[in-house]
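Since the structure comes first, as structure tokens, the remarks are kept for the end.
Bear in mind that the values in this text are calculations on the coordinates, not laboratory data. Bear in mind the structure is a predicted one, so any value in this text is a computation, not a measurement. Cβ atoms come from the backbone with ideal geometry, glycine included; neighbour counts cover every protein chain shown.
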Amino acid sequence: MKDWKVIAEIGGTHIGSLDRAKKLAQLAKISGADVLKTQKRYPKESVKKELWNQPHPNKMYAYGDTYLEHRENLEMTIQQHLQLKTFCDSIDIEYSTSVWDITSAKEVAEIINPKFIKIPSACNHNKHLLNYLLNNYNGEVHISLGMTTQSERLKLYKKLMKWENRVVIYHCTSGYPVPFKEIFLKEIETIKEYFSKVGFSNHGLGIALEPVAYTLGARYFERHFIDDRTFPHTDSVCSVEPVGLNKICRDIKAISEALQNKPDQIIEIEKEQRDKLRE
């Protein structure tokens, strides 16, 4: 029985277009992903006020004259998210989203009610957001640990251990992209000491790390996903295209099948060779 999930994270690369989000969902499904995940924000609630009237730091990725306008133009309404979930249901891929503020969390939990809601690394310190979801939403709460010190992680573990059956904790290094030497995969083993459900949110490059993360104990694999890595969005450089995502799914499946002890007795594939080759 399959014990892992691959989550295609499209973030805001739908650029506020429901049609584009549906296209990415279809591609994620074809590529083998189990979940299509996006993000929900109310920019005036989630963006620091001092950034509202500032330009995007990289003009080539800007979708507005100010950073607030940029963030607002990348958003879909909650009704569009509901339509996206309906579409995902119709093609048999699970819908989920990260929430960046209380308003988004309430709307997603009450109107859409997906199987799980994610708290991104940028919000893992937000006690109000954590408490709201843990106390008012019945699904799983997935939490990324990027941008945290060791002491901050330990405090978070202590808080969440009583919710152990409902939380999935993701190892993550937040960067776009992250060099291999700063991925720190062995942190997965540390998280496994506290929680049974562990994920890996990979902001790195290539397709080699997810199978290794599986051997270390991760069972949820979140990867930024896009149709074209030249698409003008800051997430593009650390995203995989459909072929890459398909290979990740293929390799995790292979590792999950191979990672087991050999039986006490000769198996059928070896019996044939034993009968032929042994004296």
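What the table below lists for this structure:
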quantity	calculated
Cα gyration tensor category, rounded, prolate or oblate, for region 39-147 with a/c compared to 1.5	oblate
For GLN54, residues with placed amide H under 5 Å, excluding near neighbours	TYR67, LEU68
Extension gain (nm, one decimal) between ALA208 and TYR194, 0.36 nm per residue minus Cα-Cα	2.5 nm
Theoretical FRET efficiency, 1/(1+(r/R0)^6), r = Cβ-Cβ of GLU241 and LYS155, R0 51 Å, to 0.05	0.85
Backbone HN-Hα couplings from phi across region 272-279 [Karplus 6.51/-1.76/1.60, Hz, Gly and Pro as x]	4, 6, 4, 5, 7, 9, 7, 6
Amide H contacts of SER98 (H built 1.01 Å from N, under 5 Å, at least 5 apart or other chain)	THR38, GLN39, LYS40, LYS118
Difference of contour (0.36 nm per residue) and Cα-Cα distance, ALA122 to GLN54	22.5 nm
Selection of trypsin sites (Lys or Arg not before Pro), region 1-83, meeting DSSP coil and at most 11 other Cβ within 10 Å	LYS2, LYS48
Cβ crowding within 10 Å averaged over residues, with 179-191, 85-97 ranked highest first	85-97, 179-191
Derived scalar couplings ³J(HN,Hα) [region 4-12; Karplus, 6.51 cos²θ - 1.76 cosθ + 1.60; whole Hz; x for Gly, Pro]	9, 9, 10, 10, 8, 8, 9, x, x
Spatial separation of Cα centroids for region 174-232 and region 1-32, in angstrom	17
Inter-probe distance in nm under a simple model that places probes 7 Å from Cα toward Cβ, at LYS29 and ASN131	4.0
Length gained when the stretch GLN79-GLU164 is fully extended (0.36 nm per residue, less Cα-Cα span)	27.5 nm
Note, ³J(HN,Hα) from phi for region 31-46, Karplus 6.51, -1.76, 1.60, rounded to Hz, x at Gly and Pro	6, x, 5, 8, 9, 9, 10, 10, 9, 10, 9, 10, x, 5, 9, 9
Among the listed pairs LYS5/LYS49; LYS29/LYS181; LYS5/LYS85; LYS2/LYS276; LYS197/LYS253; LYS48/LYS106, those beyond 28 Å (Cα-Cα)	LYS5/LYS49; LYS29/LYS181; LYS2/LYS276
